[in-house]
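A.B. asks: Here it is: the structure, laid out below.
The values are calculated or read from the model by the stated rules, or taken from the named source; none is laboratory data. Treat the numbers as computed from the prediction; the structure is a model and nothing was measured. Quick reminder, even Gly has a Cβ in these numbers, built from the backbone with ideal geometry, and neighbours come from all protein chains shown. The protein model used for the area step is the full one, side chains on, heavy atoms only, and it has no ligands, DNA or RNA in it. Shrake-Rupley method; radii C 1.70, N 1.55, O 1.52, S 1.80 Å.
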Amino acid sequence: MTSDPLAGTILADDVVDSSGEARGSSGWLQTLGFCALVLLILQGLSGLGLAFHYVPSADLAYDSIRALEADIAGGKLLRALHYYGASFLIACILLAMLRIFLFGAYKAPQRCAWVSGLPLFMLVVASGVTGELLPWTEQAYFATQVRTSILAATPGMGPDLSQIALGGDEVAGPSLLRFYVLHVILLPAGILALLVFHLRRLCRKGLSNGSAGSKPWDLRQLLRQSLMALLVSAGLFYMAWAEIAPLGAIVEPGDTAFEASPEWHFLWLNQLLHIFPGELTAIPAFWIPTLLLLGALLLPFIDRSSARGIAKRKFVVGFGLLILIGIIALSLASLSHKPENRAAPPYELGINPVERQGYLLLRRHNCMQCHKYGEYGETDFDAPDLDFMTPDMSVSEIAEIIADPSETLGTEDMPGYHYVPEEDRRALATYLIKIQQQ
(Lines give C-alpha, C1' and ligand atoms only; values in the text may rest on other atoms or scores of the structure.)
Protein backbone atom coordinates (compact mmCIF):
# COMPACT_ATOMS: atom_id res chain seq x y z
CA MET A 1 0.00 0.00 0.00
CA THR A 2 1.30 3.50 -0.84
CA SER A 3 0.83 6.41 1.49
CA ASP A 4 0.46 10.06 0.61
CA PRO A 5 1.57 12.47 3.36
CA LEU A 6 -1.16 14.90 2.31
CA ALA A 7 -3.90 12.32 2.71
CA GLY A 8 -7.28 13.02 4.22
CA THR A 9 -7.26 16.78 4.22
CA ILE A 10 -9.69 19.38 3.09
CA LEU A 11 -6.81 20.93 1.19
CA ALA A 12 -5.31 17.60 0.15
CA ASP A 13 -6.84 14.17 0.19
CA ASP A 14 -6.76 10.54 1.27
CA VAL A 15 -8.52 7.73 -0.56
CA VAL A 16 -10.28 4.55 0.42
CA ASP A 17 -11.46 1.84 -1.89
CA SER A 18 -15.05 0.57 -2.18
CA SER A 19 -14.49 -1.95 0.59
CA GLY A 20 -13.60 0.79 3.02
CA GLU A 21 -9.88 -0.02 3.21
CA ALA A 22 -7.36 2.77 2.84
CA ARG A 23 -5.19 2.76 -0.23
CA GLY A 24 -2.80 5.11 -1.98
CA SER A 25 -3.99 8.45 -3.28
CA SER A 26 -5.29 8.20 -6.82
CA GLY A 27 -8.18 9.38 -8.93
CA TRP A 28 -9.40 12.76 -10.02
CA LEU A 29 -11.67 13.40 -7.03
CA GLN A 30 -8.60 13.45 -4.81
CA THR A 31 -7.22 16.50 -6.64
CA LEU A 32 -9.82 18.87 -5.16
CA GLY A 33 -7.80 19.64 -2.06
CA PHE A 34 -4.69 20.53 -4.04
CA CYS A 35 -6.81 22.74 -6.31
CA ALA A 36 -8.13 24.56 -3.25
CA LEU A 37 -4.57 25.13 -2.07
CA VAL A 38 -3.59 26.62 -5.44
CA LEU A 39 -6.69 28.84 -5.48
CA LEU A 40 -5.86 30.03 -1.97
CA ILE A 41 -2.41 31.07 -3.16
CA LEU A 42 -3.92 32.88 -6.17
CA GLN A 43 -6.29 34.72 -3.83
CA GLY A 44 -3.35 35.86 -1.75
CA LEU A 45 -1.41 37.06 -4.80
CA SER A 46 -4.36 38.90 -6.38
CA GLY A 47 -5.24 40.43 -3.01
CA LEU A 48 -1.67 41.66 -2.65
CA GLY A 49 -1.93 43.32 -6.05
CA LEU A 50 -5.17 45.06 -5.06
CA ALA A 51 -3.66 46.25 -1.77
CA PHE A 52 -1.16 48.43 -3.67
CA HIS A 53 -4.02 50.53 -5.07
CA TYR A 54 -6.81 50.30 -2.51
CA VAL A 55 -7.44 53.13 0.00
CA PRO A 56 -9.32 51.96 3.15
CA SER A 57 -11.30 55.17 3.59
CA ALA A 58 -15.04 55.73 3.28
CA ASP A 59 -14.32 58.78 1.09
CA LEU A 60 -11.80 57.11 -1.22
CA ALA A 61 -12.37 53.33 -1.16
CA TYR A 62 -14.90 53.23 -4.00
CA ASP A 63 -12.99 55.69 -6.17
CA SER A 64 -9.73 53.79 -5.61
CA ILE A 65 -11.35 50.65 -7.04
CA ARG A 66 -12.79 52.55 -9.99
CA ALA A 67 -9.42 54.20 -10.61
CA LEU A 68 -7.72 50.80 -10.52
CA GLU A 69 -10.06 49.47 -13.18
CA ALA A 70 -9.92 52.61 -15.32
CA ASP A 71 -6.27 53.63 -15.15
CA ILE A 72 -4.15 50.57 -14.29
CA ALA A 73 -3.28 48.09 -17.04
CA GLY A 74 -4.89 44.77 -16.12
CA GLY A 75 -6.74 46.37 -13.21
CA LYS A 76 -10.13 44.95 -14.21
CA LEU A 77 -8.63 41.48 -14.64
CA LEU A 78 -6.88 41.68 -11.28
CA ARG A 79 -10.07 42.58 -9.40
CA ALA A 80 -12.10 40.01 -11.31
CA LEU A 81 -9.57 37.32 -10.38
CA HIS A 82 -9.94 38.17 -6.71
CA TYR A 83 -13.72 38.55 -6.94
CA TYR A 84 -14.44 35.26 -8.74
CA GLY A 85 -11.54 33.48 -7.06
CA ALA A 86 -13.35 33.66 -3.72
CA SER A 87 -16.29 31.67 -5.12
CA PHE A 88 -13.99 29.20 -6.88
CA LEU A 89 -12.10 28.62 -3.62
CA ILE A 90 -15.20 28.10 -1.47
CA ALA A 91 -16.78 25.78 -4.05
CA CYS A 92 -13.59 23.73 -4.32
CA ILE A 93 -13.26 23.35 -0.55
CA LEU A 94 -16.93 22.36 -0.22
CA LEU A 95 -16.54 19.68 -2.91
CA ALA A 96 -13.38 18.39 -1.21
CA MET A 97 -15.22 18.23 2.12
CA LEU A 98 -18.11 16.36 0.49
CA ARG A 99 -15.70 13.81 -0.98
CA ILE A 100 -13.96 13.34 2.36
CA PHE A 101 -17.31 12.86 4.08
CA LEU A 102 -18.63 10.36 1.54
CA PHE A 103 -15.51 8.18 1.68
CA GLY A 104 -14.96 8.43 5.43
CA ALA A 105 -11.56 10.09 5.10
CA TYR A 106 -12.26 12.11 8.26
CA LYS A 107 -11.54 9.09 10.44
CA ALA A 108 -8.32 8.21 12.26
CA PRO A 109 -5.48 8.68 11.55
CA GLN A 110 -6.61 11.85 9.71
CA ARG A 111 -9.08 12.92 12.41
CA CYS A 112 -7.00 15.96 13.39
CA ALA A 113 -6.87 17.07 9.75
CA TRP A 114 -10.67 17.20 9.57
CA VAL A 115 -10.97 19.03 12.89
CA SER A 116 -8.41 21.66 11.85
CA GLY A 117 -9.73 21.86 8.28
CA LEU A 118 -13.21 23.00 9.27
CA PRO A 119 -12.03 26.12 11.16
CA LEU A 120 -9.74 26.78 8.20
CA PHE A 121 -12.78 26.75 5.91
CA MET A 122 -14.67 29.08 8.25
CA LEU A 123 -11.78 31.56 8.16
CA VAL A 124 -11.86 31.48 4.36
CA VAL A 125 -15.60 32.25 4.42
CA ALA A 126 -15.01 35.04 6.97
CA SER A 127 -12.37 36.49 4.69
CA GLY A 128 -14.93 36.66 1.90
CA VAL A 129 -17.46 38.32 4.21
CA THR A 130 -15.03 41.02 5.33
CA GLY A 131 -13.72 41.54 1.81
CA GLU A 132 -17.16 42.28 0.37
CA LEU A 133 -17.45 45.53 2.32
CA LEU A 134 -14.14 46.94 1.07
CA PRO A 135 -15.32 48.34 -2.32
CA TRP A 136 -17.83 50.42 -0.29
CA THR A 137 -20.77 49.80 -2.62
CA GLU A 138 -24.45 49.80 -1.71
CA GLN A 139 -24.49 45.98 -2.05
CA ALA A 140 -21.58 45.77 0.39
CA TYR A 141 -23.14 48.25 2.79
CA PHE A 142 -26.59 46.70 3.04
CA ALA A 143 -25.27 43.12 2.98
CA THR A 144 -23.01 43.98 5.92
CA GLN A 145 -26.00 45.47 7.72
CA VAL A 146 -27.84 42.16 7.32
CA ARG A 147 -24.85 40.10 8.49
CA THR A 148 -24.18 42.20 11.55
CA SER A 149 -27.87 42.02 12.47
CA ILE A 150 -27.50 38.24 12.28
CA LEU A 151 -24.42 38.49 14.49
CA ALA A 152 -26.41 40.64 16.92
CA ALA A 153 -28.93 37.78 17.22
CA THR A 154 -26.29 35.66 18.98
CA PRO A 155 -27.72 34.87 22.43
CA GLY A 156 -26.20 36.91 25.24
CA MET A 157 -23.30 38.77 23.70
CA GLY A 158 -24.71 39.35 20.19
CA PRO A 159 -25.13 43.16 20.39
CA ASP A 160 -21.63 43.54 21.83
CA LEU A 161 -20.12 41.40 19.05
CA SER A 162 -21.93 43.44 16.43
CA GLN A 163 -20.67 46.70 17.92
CA ILE A 164 -17.11 45.39 18.10
CA ALA A 165 -17.24 44.30 14.46
CA LEU A 166 -18.65 47.62 13.24
CA GLY A 167 -16.76 49.92 15.55
CA GLY A 168 -20.08 51.50 16.50
CA ASP A 169 -23.81 51.05 16.14
CA GLU A 170 -23.98 51.15 12.34
CA VAL A 171 -21.96 50.48 9.21
CA ALA A 172 -19.71 53.51 8.72
CA GLY A 173 -16.10 54.55 8.16
CA PRO A 174 -14.75 52.75 11.26
CA SER A 175 -16.47 49.55 10.06
CA LEU A 176 -14.61 49.74 6.76
CA LEU A 177 -11.26 50.15 8.51
CA ARG A 178 -11.95 47.23 10.88
CA PHE A 179 -13.02 44.95 8.05
CA TYR A 180 -9.91 45.95 6.11
CA VAL A 181 -7.62 45.02 9.00
CA LEU A 182 -9.45 41.72 9.43
CA HIS A 183 -9.32 40.96 5.71
CA VAL A 184 -5.68 41.75 4.99
CA ILE A 185 -3.96 41.03 8.32
CA LEU A 186 -5.76 39.02 10.99
CA LEU A 187 -7.70 36.51 8.88
CA PRO A 188 -4.78 35.76 6.50
CA ALA A 189 -2.53 35.24 9.54
CA GLY A 190 -5.07 32.83 11.02
CA ILE A 191 -5.47 31.00 7.70
CA LEU A 192 -1.71 30.65 7.30
CA ALA A 193 -1.21 29.40 10.87
CA LEU A 194 -4.02 26.83 10.58
CA LEU A 195 -2.84 25.75 7.13
CA VAL A 196 0.70 25.10 8.36
CA PHE A 197 -0.62 23.12 11.34
CA HIS A 198 -3.07 21.29 9.08
CA LEU A 199 -0.46 20.19 6.55
CA ARG A 200 2.18 19.32 9.18
CA ARG A 201 -0.25 17.00 10.93
CA LEU A 202 -1.16 15.38 7.64
CA CYS A 203 2.42 14.85 6.56
CA ARG A 204 3.30 13.37 9.97
CA LYS A 205 0.30 11.04 10.00
CA GLY A 206 0.67 10.08 6.36
CA LEU A 207 4.35 9.21 6.63
CA SER A 208 3.98 7.45 9.96
CA ASN A 209 1.30 5.15 8.56
CA GLY A 210 3.12 4.11 5.41
CA SER A 211 3.96 0.44 5.11
CA ALA A 212 7.47 -0.89 4.68
CA GLY A 213 8.89 -0.01 1.31
CA SER A 214 6.02 2.32 0.46
CA LYS A 215 6.53 5.54 -1.47
CA PRO A 216 5.59 8.76 0.36
CA TRP A 217 4.49 10.34 -2.93
CA ASP A 218 2.49 8.96 -5.83
CA LEU A 219 3.91 10.51 -9.02
CA ARG A 220 0.79 9.79 -11.05
CA GLN A 221 -1.36 11.49 -8.44
CA LEU A 222 0.93 14.51 -8.39
CA LEU A 223 0.52 14.78 -12.14
CA ARG A 224 -3.26 14.55 -11.78
CA GLN A 225 -3.25 17.24 -9.09
CA SER A 226 -1.07 19.54 -11.18
CA LEU A 227 -3.23 19.07 -14.29
CA MET A 228 -6.50 19.64 -12.41
CA ALA A 229 -5.11 22.72 -10.64
CA LEU A 230 -4.01 24.05 -14.04
CA LEU A 231 -7.48 23.48 -15.51
CA VAL A 232 -9.26 25.10 -12.56
CA SER A 233 -6.88 28.08 -12.62
CA ALA A 234 -7.38 28.43 -16.38
CA GLY A 235 -11.15 28.41 -15.83
CA LEU A 236 -10.80 31.15 -13.23
CA PHE A 237 -8.61 33.28 -15.52
CA TYR A 238 -11.04 32.82 -18.41
CA MET A 239 -14.01 33.87 -16.28
CA ALA A 240 -12.12 36.89 -14.95
CA TRP A 241 -11.23 37.88 -18.51
CA ALA A 242 -14.69 37.25 -20.00
CA GLU A 243 -16.87 38.59 -17.15
CA ILE A 244 -16.13 41.98 -15.62
CA ALA A 245 -16.55 41.78 -11.86
CA PRO A 246 -19.66 43.77 -10.88
CA LEU A 247 -19.09 46.85 -8.78
CA GLY A 248 -22.43 48.63 -8.44
CA ALA A 249 -23.03 52.10 -7.03
CA ILE A 250 -21.22 53.80 -4.18
CA VAL A 251 -22.73 53.64 -0.69
CA GLU A 252 -25.68 55.94 -0.04
CA PRO A 253 -27.32 54.89 3.25
CA GLY A 254 -30.42 56.90 2.40
CA ASP A 255 -31.11 54.78 -0.69
CA THR A 256 -33.48 52.59 1.29
CA ALA A 257 -35.10 51.13 -1.83
CA PHE A 258 -32.02 48.93 -2.34
CA GLU A 259 -32.12 45.32 -1.12
CA ALA A 260 -28.86 43.35 -0.82
CA SER A 261 -28.44 39.95 -2.46
CA PRO A 262 -26.72 37.15 -0.51
CA GLU A 263 -23.80 35.23 -1.99
CA TRP A 264 -24.60 31.80 -3.41
CA HIS A 265 -23.22 29.97 -0.36
CA PHE A 266 -25.47 32.02 1.98
CA LEU A 267 -28.70 31.56 0.01
CA TRP A 268 -29.92 28.78 2.30
CA LEU A 269 -29.39 30.94 5.38
CA ASN A 270 -31.20 33.83 3.71
CA GLN A 271 -34.19 31.57 3.08
CA LEU A 272 -34.21 30.43 6.71
CA LEU A 273 -34.34 34.06 7.79
CA HIS A 274 -37.44 34.49 5.62
CA ILE A 275 -39.08 31.41 7.16
CA PHE A 276 -38.62 32.34 10.82
CA PRO A 277 -40.33 35.51 12.09
CA GLY A 278 -38.40 38.33 13.72
CA GLU A 279 -38.70 37.14 17.31
CA LEU A 280 -37.23 33.76 16.30
CA THR A 281 -34.29 35.17 14.33
CA ALA A 282 -31.79 33.55 16.71
CA ILE A 283 -32.84 30.09 15.45
CA PRO A 284 -31.67 30.52 11.82
CA ALA A 285 -29.04 33.14 12.68
CA PHE A 286 -27.25 31.25 15.44
CA TRP A 287 -28.63 27.90 16.53
CA ILE A 288 -28.99 26.10 13.19
CA PRO A 289 -25.56 27.13 11.78
CA THR A 290 -23.90 26.43 15.14
CA LEU A 291 -25.43 22.95 15.42
CA LEU A 292 -24.44 22.12 11.84
CA LEU A 293 -20.87 23.27 12.44
CA LEU A 294 -20.57 21.41 15.75
CA GLY A 295 -22.01 18.28 14.17
CA ALA A 296 -19.46 18.41 11.37
CA LEU A 297 -16.62 19.16 13.78
CA LEU A 298 -17.50 16.22 16.05
CA LEU A 299 -18.23 13.82 13.19
CA PRO A 300 -14.96 11.83 13.57
CA PHE A 301 -15.76 11.29 17.25
CA ILE A 302 -19.42 10.42 16.64
CA ASP A 303 -18.74 7.99 13.79
CA ARG A 304 -16.12 5.87 15.55
CA SER A 305 -16.45 2.69 13.48
CA SER A 306 -13.50 1.61 11.37
CA ALA A 307 -15.65 1.22 8.22
CA ARG A 308 -15.07 3.82 5.54
CA GLY A 309 -17.08 2.53 2.61
CA ILE A 310 -20.40 4.19 1.80
CA ALA A 311 -22.26 0.87 1.94
CA LYS A 312 -21.09 0.31 5.53
CA ARG A 313 -22.02 3.81 6.67
CA LYS A 314 -25.54 4.11 5.29
CA PHE A 315 -27.03 5.97 8.26
CA VAL A 316 -24.25 8.58 8.54
CA VAL A 317 -24.03 9.14 4.79
CA GLY A 318 -27.81 9.21 4.41
CA PHE A 319 -28.23 11.75 7.21
CA GLY A 320 -25.50 13.94 5.76
CA LEU A 321 -27.01 13.82 2.27
CA LEU A 322 -30.42 14.69 3.73
CA ILE A 323 -28.93 17.85 5.24
CA LEU A 324 -27.22 18.64 1.94
CA ILE A 325 -30.48 18.23 0.00
CA GLY A 326 -32.21 20.52 2.50
CA ILE A 327 -29.52 23.20 2.04
CA ILE A 328 -29.82 22.95 -1.75
CA ALA A 329 -33.63 23.14 -1.60
CA LEU A 330 -33.48 26.22 0.65
CA SER A 331 -30.97 27.84 -1.70
CA LEU A 332 -33.17 27.24 -4.73
CA ALA A 333 -36.17 28.62 -2.85
CA SER A 334 -34.18 31.75 -2.00
CA LEU A 335 -33.49 32.34 -5.68
CA SER A 336 -37.21 32.64 -6.33
CA HIS A 337 -37.39 35.97 -4.50
CA LYS A 338 -34.05 37.42 -5.50
CA PRO A 339 -34.26 41.23 -5.25
CA GLU A 340 -34.34 43.27 -8.44
CA ASN A 341 -32.80 46.64 -7.75
CA ARG A 342 -32.91 49.60 -10.10
CA ALA A 343 -29.45 50.40 -11.45
CA ALA A 344 -28.07 53.65 -10.06
CA PRO A 345 -26.35 56.03 -12.50
CA PRO A 346 -22.57 56.18 -12.15
CA TYR A 347 -20.66 59.37 -11.61
CA GLU A 348 -17.55 60.49 -13.40
CA LEU A 349 -14.23 59.99 -11.66
CA GLY A 350 -12.65 63.27 -10.61
CA ILE A 351 -15.85 65.19 -9.95
CA ASN A 352 -15.60 67.85 -7.28
CA PRO A 353 -17.08 67.43 -3.77
CA VAL A 354 -20.18 69.51 -4.55
CA GLU A 355 -21.00 67.42 -7.64
CA ARG A 356 -20.45 64.24 -5.68
CA GLN A 357 -22.76 65.48 -2.94
CA GLY A 358 -25.38 66.23 -5.59
CA TYR A 359 -25.07 62.71 -6.96
CA LEU A 360 -25.59 61.23 -3.51
CA LEU A 361 -28.60 63.49 -2.94
CA LEU A 362 -30.10 62.21 -6.20
CA ARG A 363 -29.86 58.72 -4.73
CA ARG A 364 -30.90 59.72 -1.22
CA HIS A 365 -34.18 61.24 -2.38
CA ASN A 366 -34.86 58.32 -4.77
CA CYS A 367 -35.19 60.70 -7.72
CA MET A 368 -34.70 57.86 -10.21
CA GLN A 369 -37.97 56.27 -9.12
CA CYS A 370 -39.86 58.89 -11.10
CA HIS A 371 -37.26 60.55 -13.31
CA LYS A 372 -35.23 59.11 -16.14
CA TYR A 373 -31.78 59.93 -17.39
CA GLY A 374 -30.46 57.93 -20.33
CA GLU A 375 -30.87 54.24 -19.52
CA TYR A 376 -31.25 54.86 -15.79
CA GLY A 377 -34.46 55.36 -13.86
CA GLU A 378 -37.97 55.53 -15.28
CA THR A 379 -40.48 58.24 -16.08
CA ASP A 380 -43.50 58.08 -13.79
CA PHE A 381 -46.52 60.36 -13.31
CA ASP A 382 -45.76 63.74 -14.86
CA ALA A 383 -42.11 63.83 -13.81
CA PRO A 384 -39.80 65.34 -16.45
CA ASP A 385 -36.77 63.47 -17.67
CA LEU A 386 -33.54 64.80 -16.27
CA ASP A 387 -32.51 66.03 -19.71
CA PHE A 388 -35.19 68.78 -19.61
CA MET A 389 -32.56 71.37 -18.73
CA THR A 390 -31.09 73.67 -21.32
CA PRO A 391 -27.36 74.45 -21.35
CA ASP A 392 -27.98 78.06 -20.29
CA MET A 393 -29.89 77.18 -17.11
CA SER A 394 -28.13 78.24 -13.94
CA VAL A 395 -27.69 76.41 -10.65
CA SER A 396 -30.13 78.83 -9.00
CA GLU A 397 -32.84 78.21 -11.62
CA ILE A 398 -32.63 74.43 -11.26
CA ALA A 399 -32.60 74.73 -7.47
CA GLU A 400 -35.84 76.74 -7.72
CA ILE A 401 -37.41 74.07 -9.93
CA ILE A 402 -36.52 71.41 -7.35
CA ALA A 403 -38.03 73.51 -4.57
CA ASP A 404 -41.33 74.24 -6.33
CA PRO A 405 -41.84 72.27 -9.58
CA SER A 406 -45.57 73.11 -9.80
CA GLU A 407 -44.78 76.82 -9.98
CA THR A 408 -41.79 76.59 -12.30
CA LEU A 409 -42.75 73.64 -14.54
CA GLY A 410 -46.51 73.61 -14.15
CA THR A 411 -46.59 69.97 -13.00
CA GLU A 412 -48.74 68.95 -10.06
CA ASP A 413 -47.50 65.35 -9.81
CA MET A 414 -43.98 66.18 -8.72
CA PRO A 415 -43.87 67.23 -5.05
CA GLY A 416 -41.92 70.25 -3.98
CA TYR A 417 -38.63 69.83 -2.16
CA HIS A 418 -38.61 73.22 -0.49
CA TYR A 419 -37.84 71.47 2.81
CA VAL A 420 -34.48 70.36 1.44
CA PRO A 421 -31.80 72.89 2.46
CA GLU A 422 -30.89 75.30 -0.31
CA GLU A 423 -27.26 74.18 -0.15
CA ASP A 424 -28.32 70.62 -0.93
CA ARG A 425 -30.65 71.73 -3.73
CA ARG A 426 -27.82 73.71 -5.28
CA ALA A 427 -25.48 70.71 -5.01
CA LEU A 428 -28.09 68.55 -6.76
CA ALA A 429 -28.49 71.22 -9.44
CA THR A 430 -24.71 71.32 -9.90
CA TYR A 431 -24.65 67.56 -10.49
CA LEU A 432 -27.56 67.73 -12.96
CA ILE A 433 -25.69 70.39 -14.94
CA LYS A 434 -22.60 68.17 -14.84
CA ILE A 435 -24.35 65.18 -16.41
CA GLN A 436 -25.76 67.46 -19.15
CA GLN A 437 -22.21 68.35 -20.11
CA GLN A 438 -21.08 64.75 -20.52
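A.B. asks: May I ask you to list the residues in segment 237-286 that are touching a Pro at 6+ places or on another chain (Cβ under 8 Å) and among the hydroxyl-bearing types (Ser, Thr, Tyr)?
C.D. replies: Hit for segment 237-286 is Ser261, nothing else.
A.B. asks: Let me ask something additional. I'm trying to understand the selection: among the residues of segment 280-312, which are part of a helix (DSSP H, G or I), open to solvent by 30 Å² or more (accessible area, probe 1.4 Å) and over 25 Å from Ser331 (Cβ atoms)?
C.D. replies: Phe301, Ile302, Ala311, Lys312
For every residue, the table says whether it meets (1) touching a strand residue (DSSP E or B) at 6+ places or on another chain (Cβ under 9 Å); (2) closer than 29 Å to Pro346 by Cβ; (3) of a type in the set (A, V, I, L, M).
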{"site": "Ala70", "(1), (2), (3)": "no, yes, yes"}
{"site": "Gly75", "(1), (2), (3)": "no, yes, no"}
{"site": "Tyr84", "(1), (2), (3)": "no, yes, no"}
{"site": "Leu89", "(1), (2), (3)": "no, no, yes"}
{"site": "Ile93", "(1), (2), (3)": "no, no, yes"}
{"site": "Leu98", "(1), (2), (3)": "no, no, yes"}
{"site": "Ala105", "(1), (2), (3)": "yes, no, yes"}
{"site": "Gln110", "(1), (2), (3)": "no, no, no"}
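A.B. asks: Output yes when any residue across segment 262-277 is in a loop (DSSP other than H, G, I, E, B) and in contact (Cβ under 8 Å) with a residue 24 or more places away in the chain, and no when none is.
C.D. replies: The answer is yes; a qualifying residue exists.
A.B. asks: Criterion first (among the polar types (S, T, N, Q) and without any contact (Cβ under 8 Å) to a residue 12 or more places away in the chain) does Thr281 satisfy it?
C.D. replies: In short, no.
A.B. asks: Applying the selection to segment 313-323, what residues are open to solvent by 80 Å² or more (accessible area, probe 1.4 Å) and in a loop (DSSP other than H, G, I, E, B)?
C.D. replies: none
A.B. asks: Separate question: Output the residues belonging to segment 132-143 that are assigned to a helix (DSSP H, G or I) and open to solvent by less than 20 Å² (accessible area, probe 1.4 Å).
C.D. replies: Leu133, Glu138, Ala140, Tyr141, Ala143
A.B. asks: Which of the residues that make up segment 144-164 are assigned to a helix (DSSP H, G or I) and touching a helix residue (DSSP H, G or I) at 6+ places or on another chain (Cβ under 6 Å)?
C.D. replies: Passing the criteria: Thr144, Thr148, Ile150, Leu151, Ala152, Gly158, Pro159, Leu161, Ser162.
A.B. asks: For segment 324-350, how many residues meet the condition of being open to solvent by 30 Å² or more (accessible area, probe 1.4 Å) and in contact with a helix residue (DSSP H, G or I) (Cβ under 7 Å, 6 or more places away or on another chain)?
C.D. replies: Residues meeting the conditions: 6.
A.B. asks: Only residues that are in contact (Cβ under 8 Å) with a residue 60 or more places away in the chain, assigned to a helix (DSSP H, G or I) and open to solvent by 20 Å² or more (accessible area, probe 1.4 Å): list them for segment 165-180, please.
C.D. replies: Hits for segment 165-180 are Gly173, Leu177, Tyr180.
A.B. asks: Could I ask something else about it? Against the conditions (1) modelled with pLDDT under 90; (2) in contact with a His (Cβ under 9 Å, 6 or more places away or on another chain), where does Ser64 fall short? Just the number, please.
C.D. replies: (1)
A.B. asks: Are any residues in segment 217-275 of a type in the set (A, V, I, L, M, F, W, C), touching a Lys or Arg at 6+ places or on another chain (Cβ under 8 Å) and open to solvent by less than 90 Å² (accessible area, probe 1.4 Å), and if so, which ones?
C.D. replies: Residues satisfying the conditions are Ala245, Leu247, Ala249, Ala257.
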